[in-house]
Structure formats: C-alpha cells, structure tokens
1. Looking only at residues that are surrounded by 24 or more Cβ atoms within 10 Å (Cβ to Cβ) and among the small types (Gly, Ala, Ser) in region B:433-457, which one is modelled with the lowest pLDDT?
2. Restricting to helices (runs of 4 or more DSSP H) lying wholly in region B:129-206: which have 2 or more residues that are at pLDDT 85 or above?
3. Take the residues of region A:19-56 that are assigned to a loop (DSSP other than H, G, I, E, B) and under 33 Å from the mean Cα position of the chain (by Cα): which is surrounded by the most Cβ atoms within 10 Å (Cβ to Cβ)?
4. Kindly provide the set of residues from region B:348-378 that are part of a loop (DSSP other than H, G, I, E, B) and crowded, with 19+ Cβ neighbours inside 10 Å, ordered by number.
5. Looking only at residues that are of a type outside the set (Ser, Thr, Tyr) and without any contact (Cβ under 8 Å) to a residue 60 or more places away in the chain in region B:304-318, which one is nearest to A:Val363 (Cα to Cα)?
6. Please determine, by comparing only the residues of region B:234-260 that are in contact with a strand residue (DSSP E or B) (Cβ under 6 Å, 6 or more places away or on another chain) and closer than 20 Å to A:Ala232 by Cα, which one is nearest to the other protein chains (Cβ to nearest Cβ).
7. Working only within region A:379-401, note down all residues that are within 12 Å of chain B (Cβ to nearest Cβ), surrounded by fewer than 20 Cβ atoms within 10 Å (Cβ to Cβ) and closer than 29 Å to A:Ala416 by Cβ.
8. Test A:Gly368 against the criterion of being on the phi > 0 side of the Ramachandran plot and more than 9 Å from chain B (Cβ to nearest Cβ), and give yes or no.
There are 2 protein chains.
Amino acid sequence: MPVSQVQNQRLADTLRRLLRRKAGNNIRKIMTRTHPADLANALVLFPIEDRIQLLTHAGSDDRQAQIVAALPATEGAKLLAEMELQRAVAIACEMYGDDLADVLGELDEEAAARIMAAMPPKESDDIQDLMRYGEYTAGGIMSPDVLAISATLSCAEAIRVVQNSPDVEMPFYLYVVSEHNKLAGVLSLRQLVTSRPDTQVKDLMNTHVVSVHTETDQEEVARIVSRYDFLAVPVVDATNTLVGVVTVDDVIDVIREEATEDILKMAGAGDDVEDTISLRSSFITRAPWLFAALGGGLVASFVISHFEDLLSKYLLLAAFIPVINGMAGNVGTQSLAIVVRGLATRRNTLSLFWKTVSRELVVGLLLGILYGIILGGVGWLRFVKQGHFVMEVAPIALALGVAMAMAMMVAATIAAALPLFFAKVGVDPAVATGPFVTTSIDIVGVLIYFNAVALFL
Amino acid sequence: MPVSQVQNQRLADTLRRLLRRKAGNNIRKIMTRTHPADLANALVLFPIEDRIQLLTHAGSDDRQAQIVAALPATEGAKLLAEMELQRAVAIACEMYGDDLADVLGELDEEAAARIMAAMPPKESDDIQDLMRYGEYTAGGIMSPDVLAISATLSCAEAIRVVQNSPDVEMPFYLYVVSEHNKLAGVLSLRQLVTSRPDTQVKDLMNTHVVSVHTETDQEEVARIVSRYDFLAVPVVDATNTLVGVVTVDDVIDVIREEATEDILKMAGAGDDVEDTISLRSSFITRAPWLFAALGGGLVASFVISHFEDLLSKYLLLAAFIPVINGMAGNVGTQSLAIVVRGLATRRNTLSLFWKTVSRELVVGLLLGILYGIILGGVGWLRFVKQGHFVMEVAPIALALGVAMAMAMMVAATIAAALPLFFAKVGVDPAVATGPFVTTSIDIVGVLIYFNAVALFL
C-alpha cells in the first residue's frame with residue numbers, strides 16, 4: 001500500500017503544480033495518457049471543483065466515464081452531483097451499467113432521478129432494474145451487458161454476433177441460451193474460433209454451466225469464482241433467464257473484503273462495515289463481546305483478592321499484574337493471529353492441529369523464558385530498592401520469572417488451540433476469539449502469577 | 001468457509017462409505033463427474049493410500065493431473081512421491097508447467113529428479129527453468145505456456161496459430177512479439193476475430209502493454225492485476241523476452257494472502273508465513289515487539305507503585321486493575337481492527353480522519369458508561385462485603401465507574417487515531433499497532449484508574 005500511495009501522491013503533486021500554472025496542455029497530456037485507475041487514485045486527493053476541472057481535460061466522454069468509474073462509488077457520485085447536468089448525463093451514458101448503478105445508488109434519489117430522466121429511456125430502464133438488486137448480491141455487482149448466443153446458431157453465425165456486439169464487457173466465455181433467454185450452456189470464444197464454421201453451437205457448448213442467482217450473496221459468488229478459477233460466472237433470475245455476468249475483476253474487491261473480515265471478527269467488532277459505520281449499530285455489535293470480557297475480568301479480580309494476605313505483605317506485587325497479563329496477552333494475540341490467518345489462507349489445515357499448537361507452545365515458552373529472566377531481574381532490583389533484604393527477595397524474583405514464562409507459554413497455547421478447536425467443530429474460528437482469548441489469558445495469568453509467588457515464598 | 005468445509009466433509013463421507021463397500025463403479029461416477037477443485041478439497045481428508053486409490057478411479061491421466069494440480073502443492077507432492085513412478089510421471093506430463101513446478105519444488109530433490117528424468121527432455125528442461133525462479137516472484141507463479149504471435153502476421157494467420165495451440169492456458173489476451181521473442185504489444189482474441197482477415201497484427205496491437213519482470217514480487221503482480229482489472233499480465237526477462245504469463249486466478253490467492261497479512265502485522269508477528277513457520281524465525285520476528293510491550297508494562301507498574309499508600313489502605317483496588325485494563329484493551333482492539341481494516345479495503349480514506357476518530361471516541365464513551373455503571377455497582381458490593389462502610393465506599397465505586405468510562409473512551413480514541421496517523425505519515429498502519437496500542441492503553445488505564453480513585457477519596 002505505501003508504494004502506490006507514494007505514486008498517487010506524486011501524480012497529484014504534478015497535477016496540482018500544473019493547475020496552479022494553468023498549463024492546460026500539459027494537464028491534457030497527463031489526463032489522456034495515464035491509466036484511468038491511476039488518475040482516479042490521484043483525483044481523490046483534490047477538492048471537488050479541481051476534480052471537475054481536471055476531468056474536463058481528459059478528452060472524450062468515454063474516457064471521462066472510465067475515470068469516474070474507477071473512483072470509489074461515493075466519490076464518483078459526488079462528482080456527478082456537482083457538475084453540470086448535461087455533462088453528468090453524457091458521462092453517465094458512456095459508463096457500464098453496473099458501474100453507473102453503483103454511482104447512482106450513492107446519490108440522493110432526486111439527483112439520481114434527474115440524471116436518469118435525461119438518459120435514453122432504454123438505458124435508464126436497465127439501470128433502474130439493476131438498482132433494485134441488493135448491493136451485496138450477485139445482481140448488485142453483475143454487469144447486465146452479457147453476450148447471449150442462441151443455441152440454434154452455427155459457429156459462423158455466432159462469430160458474427162460477437163463481431164456486432166462492441167459494448168459487451170470482455171467476452172471470453174460465451175453463454176448459450178435456449179428459447180426465452182434461458183441459460184443452456186457455455187463455450188469459449190476460442191472454441192468458437194477453432195471449430196468448423198458450420199458446427200452448431202448446441203453441439204459444441206458445455207451444458208454443465210455453473211451459474212449464480214441474482215440474490216446470491218456476493219461472498220458466495222467470490223467463493224465460486226476463486227474455487228473454480230473462473231474468469232466470470234453467469235447470473236440468472238428465478239426462471240433461469242440469463243440477466244448478467246459477474247467477472248473476476250468485480251469479485252477481487254469482495255475477496256479482499258472477505259479476507260480482511262477476520263480482523264473485525266477477531267476483535268469482536270462485527271464482520272461487516274455496516275456493523276461499524278453508525279454509532280448505534282457499532283455499539284450494539286461491540287457491547288456483547290465486551291460483556292464477556294467483563295465477566296472474565298471479574299473472575300480475575302476474585303483470584304487476586306483471594307491472595308490478599310500475600311498482597312498486604314508485598315504491595316509491590318500488585319504493580320506487576322499488568323506486566324504479566326500484558327505480555328501474556330500480547331504473545332497470545334500473536335499466536336491467535338498466526339493461526340486465524342493460516343486458517344483463512346488455508347495454510348493451516350486442521351490436520352496440522354497438534355503440530356501448530358505444539359509449535360506455539362514452544363515459541364511461547366522460549367519467549368517466556370527470555371522475558372521471565374528480564375522481569376525477574378527488574379523485580380529483584382525494585383524489591384531490594386524498597387528496603388527488602390536480598391535473600392528475602394530472591395524467591396519473589398524467581399517467582400516473577402517463572403510466572404512470566406509459564407503465563408506466556410500457556411497464553412500462546414490457548415490462543416493457538418482455541419481457534420483450531422472452533423474450526424474443527426464448525427464454528428467460525430475468527431468470531432470474537434480476541435476478547436475470549438485475552439480474557440481467559442487474564443484469568444490464567446493472575447492464577448499462575450500469585451500461585452507461583454505463594455509457592456516460592 | 002464453514003459452508004464449503006461442510007460440503008467437503010459430505011463428499012468425503014460419501015467416498016469413504018463407497019470405499020468401505022468397495023463400490024468401484026459409484027466411486028468412478030463421483031471421481032469423473034465432480035469438479036477437480038471439489039475433489040481436491042475432499043481428498044485431503046483421506047490418508048495417502050486412500051487418496052492414491054481414489055485417484056485411480058478418476059479416469060484419464062489428464063483428469064488425474066487436474067485433481068493433483070488442485071491440491072495444495074505440499075499435498076500433491078506427497079501423492080506423487082507415494083505412487084508408482086510410472087504413474088507419477090504420466091500424471092506429471094499432463095500437468096501445466098507452473099503447477100508441476102510448484103509440486104516438484106515441494107518434493108525432496110532426489111524424488112523430483114527421478115520424475116523429471118522419466119519425462120520427455122524438452123518438458124523437464126522447461127520445468128527446471130521454472131523451478132529456478134523465486135517461489136514468491138512472477139517467475140515462480142507464471143505459466144510458461146503463453147501464446148506469442150509474431151507482429152508480422154496477418155489476422156487470418158494469427159487465428160490459425162491460435163487454432164493450432166491447444167495447450168495454452170486461456171488465451172484471451174494475445175501477446176505480440178517482434179524478432180527474438182521480444183514483447184511488442186498485446187491484442188485480444190476478440191479484436192483478432194472482429195478485424196478483417198488481411199489486417200496486419202502490428203497495426204492492430206496495443207503497444208502500451210504492461211508487463212512484469214520474472215523477479216517482480218508476487219504481491220506487486222497482484223497489485224497490478226487488481227489495480228488495472230487485468231485478466232493476465234505477461235512476464236518478461238531482463239532482455240524483454242516474453243517468457244510466461246500470470247493469470248488472474250494465479251494471483252487471487254496472493255491477494256487473499258496480502259489482504260490477511262494485516263492480522264499478523266497488527267499482532268507484531270511478522271507479515272509473512274515464512275516468519276512464523278520455523279521456531280527460530282518465529283522467535284526472532286516476535287521478540288522485539290514483545291520487548292516494546294514489556295517496556296510499557298514496566299511503566300504501568302511504576303505508575304501503580306506510585307500509589308502504594310492508596311493500595312495499602314484499600315487492597316481490593318489491586319483486584320480491579322485487570323478489569324479496567326482488560327476492558328480498555330478490548331475496546332481499543334475493536335477500534336484498531338475497524339480502522340486498520342477500513343484502510344486495507346480503502347473504505348477509510350484519510351480524509352475521514354476526524355470523523356473516524358470522533359466516532360470511536362463517542363462509541364468508546366458510550367460503552368464505557370455502560371460498563372462503568374456495572375463495574376461501579378460490583379465494586380460497591382465487594383467493598384461493602386469486605387466490611388467497609390457504605391458511605392466510605394461510595395466514592396470508590398464512583399471512581400471505579402468513572403475510571404472505566406474514561407479508560408475505555410481514551411483507549412478507543414488512541415486505537416483509532418494511531419493507525420490513521422501512521423498512514424498519514426507514510427508508515428504501514430498495521431505493523432505492530434497491536435502491542436503498541438494495548439501497551440499504551442495499559443499505561444493510560446492505570447493512570448486514569450488510580451488518579452480517579454485518589455481524586456474521589
């Protein structure tokens with residue numbers, strides 16, 4: 001991420017300098033020659049009036065449409081809302097249906113209606129159909145511009161259909177439909193080109209075509225595309241009528257989002273941006289997991305008050321509670337992250353259960369010994385400084401060190417074993433393992449700590 | 001993930017039952033009709049001898065090769081190593097070069113050499129070339145079977161080249177080369193089909209072709225593919241000679257891995273599986289961040305020992321340290337996860353800095369008030385139970401509640417602001433923010449807690 005942010009920044013700086021110098025020609029050179037995706041990343045760094053001005057230099061409506069489509073939908077919507085209606089409509093007409101529907105979906109209803117009213121009726125009808133689908137469904141991310149070939153055509157006729165359909169997104173798979181546009185099969189453009197011209201499409205097509213429904217969740221679509229290495233998957237409605245296509249570039253963002261969900265889940269902060277965007281839903285999603293954490297914290301506090309006599313004799317012991325709990329919590333979070341990530345990328349299969357858990361146990365112990373020695377030393381110095389005798393303090397220092405080593409070892413083991421166990425019994429291993437693990441580590445931490453001190457004294 | 005794991009399990013159960021009943025015909029039906037990706041997911045649940053037996057029922061060498069290629073490379077390697085050499089070679093010959101190179105790379109050298117020695121020399125030479133590239137580079141993930149078309153051909157001639165190259169992976173982009181196989185341009189199969197047969201390829205091709213170098217890091221390749229919505233990107237060597245192609249399905253796993261890296265980074269556990277797989281590298285990667293956490297923990301312990309007089313009077317105060325620190329840590333981890341994930345999926349742009357931070361502040365405060373009231377109540381009960389007077393305890397209970405609310409509010413704010421600040425100054429916002437944030441929260445937590453108690457008493 002940092003690298004491309006630097007590139008965006010550099011491109012934006014250049015454009016800003018040229019804008020200040022009113023160097024229209026140079027701006028035009030950049031705006032017409034740079035890739036729309038790069039321009040979009042730079043444009044978001046400008047205030048809205050400058051974006052509109054820069055866009056004017058990008059040339060044809062088609063190219064301007066490509067740049068607007070490459071912006072995040074919210075930013076594209078702002079841009080269309082702020083520019084003259086006539087220009088906004090010209091750009092909208094050049095955008096792919098799915099991109100335009102996303103952008104219009106972000107506008108307020110009145111502004112969207114104004115743009116659609118000025119578009120040719122057929123196009124605005126298509127867009128309105130698209131906007132009816134749920135945002136996170138196959139219908140919401142599909143492109144309606146899908147090339148459907150009738151099963152009754154010959155290869156030569158089908159090639160002519162392809163030649164006469166310039167507006168279709170990347171047709172590498174050709175979907176074959178029977179009467180009434182029902183999905184019947186699939187064949188590749190390559191099969192078409194490499195077959196004899198008089199071959200019938202229906203004899204060539206593969207009838208085992210995997211399709212998704214308009215209401216299919218986008219994550220399920222992403223899973224199908226990545227599981228079977230598809231470049232696209234056709235979308236059908238309830239009557240098996242072909243209505244669109246989802247291409248792999250549309251689901252890459254979905255895959256990225258799904259893959260990063262685990263961060264939210266682990267922290268007990270929901271699993272979707274919807275959960276965290278409004279105050280109310282954020283509160284409702286997060287509160288229950290914190291309640292579990294409170295319960296665990298109170299158990300830890302009962303453990304501590306159980307050792308009140310010890311504490312009253314060596315008050316300084318209280319000061320080391322956050323050190324031991326903090327270190328155990330941190331090493332546990334590391335183990336948890338390693339295991340949850342391994343499960344998400346399928347590197348940690350369940351068959352590696354014992355191997356993974358025992359590796360974390362050993363790493364936790366080794367790290368625990370290292371920091372146990374340091375903490376023992378620091379503790380010894382501080383107790384001596386408080387006026388305790390050297391010999392009296394030795395067992396406390398030893399107890400501190402041993403407690404640190406044990407707590408870190410147990411923490412790493414729990415944190416590795418828990419998500420693997422969850423996965424084994426079919427529970428999502430990421431959900432709220434964070435609060436769950438850190439809380440159990442807090443309890444185990446103080447248990448080990450005070451028992452070690454009691455033992456060595 | 002849970003859904004498809006259930007499906008794998010069901011398929012595996014069916015196969016296991018059929019194996020027990022020695023129902024070869026039914027096994028054959030499943031092994032020849034199910035998608036290789038699904039079979040691979042089910043096969044990993046069987047012991048190695050059963051996998052070999054099941055594979056025998058899958059039909060042609062080509063189909064068996066597809067199933068082996070769909071397995072994780074380590075599992076595919078185990079399978080080839082355990083079966084008869086002759087069969088392993090037959091399967092290897094049918095695999096795509098890049099898949100086979102991955103599998104052979106996981107075998108010990110002797111076993112790999114034995115298989116390659118039995119393959120046709122040309123194929124084994126190609127594989128050996130491939131295996132020389134770094135595992136995580138464009139060379140390591142590319143397919144060498146790329147369709148190169150000479151710039152001097154006409155469209156009709158080029159189509160004939162496509163027709164005579166059945167072994168090439170999905171040719172939707174056709175790369176055009178000048179003399180000595182230097183990459184010169186790109187055109188789509190569709191352009192070829194839709195142009196007049198006598199058009200020269202060099203007049204049709206797009207010369208602004210984006211390529212990557214064999215040594216380019218796979219994450220950079222993934223970034224280029226997803227940024228520009230490419231379906232494939234050509235790979236060239238140092239002399240601009242076309243040597244292979246990386247297709248989008250090859251980088252989806254890379255994208256998933258890159259997207260999930262943040263979990264590891266946040267926890268201070270490295271950013272790559274390499275960092276966590278061996279004991280030694282895991283220890284070395286994780287120890288430094290824990291050292292930072294130890295430093296913070298010790299600061300917190302100095303804060304606590306500063307309030308020794310207060311502690312000696314109300315020993316029970318020590319018992320609530322883990323409650324307040326734990327709750328602040330958990331709410332902070334939630335805020336951190338929301339912000340880091342927002343940055344990774346580009347939902348949280350930096351322009352939302354103040355909006356995001358103030359939202360987390362408010363949510364933290366609201367959650368803090370809720371749990372502050374509960375903690376105040378619990379604390380009041382426990383102090384009273386210990387024999388303190390109701391009126392004496394009231395300020396302590398109030399202090400506990402206020403401390404909880406304040407600590408949670410500050411924790412959420414720090415945890416949201418820190419990664420955004422990092423991103424703003426160009427530091428990766430995920431790296432080790434976990435230990436950094438929880439440690440600063442530990443310090444702030446005890447500071448707020450003991451000062452609140454001192455204030456109210």
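The values are calculated or read from the model by the stated rules, or taken from the named source; none is laboratory data. Quick caveat: nothing in here was measured; it's all calculated off a predicted structure. FYI the Cβ positions are ideal-geometry reconstructions off the backbone, even for glycines, and counts take in every protein chain you see.
1. B:Gly434
2. Numbers: elements: B:138-141, B:155-163, B:189-194, B:201-204.
Of the helices (runs of 4 or more DSSP H) lying wholly inside region B:129-206, those with at least 2 residues that are at pLDDT 85 or above span B:138-141, B:155-163, B:201-204.
3. Per the criteria, the residue is A:Leu45.
4. At the first step, the residues of region B:348-378 found to be part of a loop (DSSP other than H, G, I, E, B) are B:348-349.
If the condition is that a residue be part of a loop (DSSP other than H, G, I, E, B) and crowded, with 19+ Cβ neighbours inside 10 Å, then B:Asn348 is the only one that fits.
5. B:Ala318
6. Filtering region B:234-260 for residues that are in contact with a strand residue (DSSP E or B) (Cβ under 6 Å, 6 or more places away or on another chain) and closer than 20 Å to A:Ala232 by Cα, the one nearest to the other protein chains (Cβ to nearest Cβ) comes out as B:Thr247.
7. Of everything in region A:379-401, nothing turns out to be within 12 Å of chain B (Cβ to nearest Cβ), surrounded by fewer than 20 Cβ atoms within 10 Å (Cβ to Cβ) and closer than 29 Å to A:Ala416 by Cβ.
8. It is false that A:Gly368 is on the phi > 0 side of the Ramachandran plot and more than 9 Å from chain B (Cβ to nearest Cβ).
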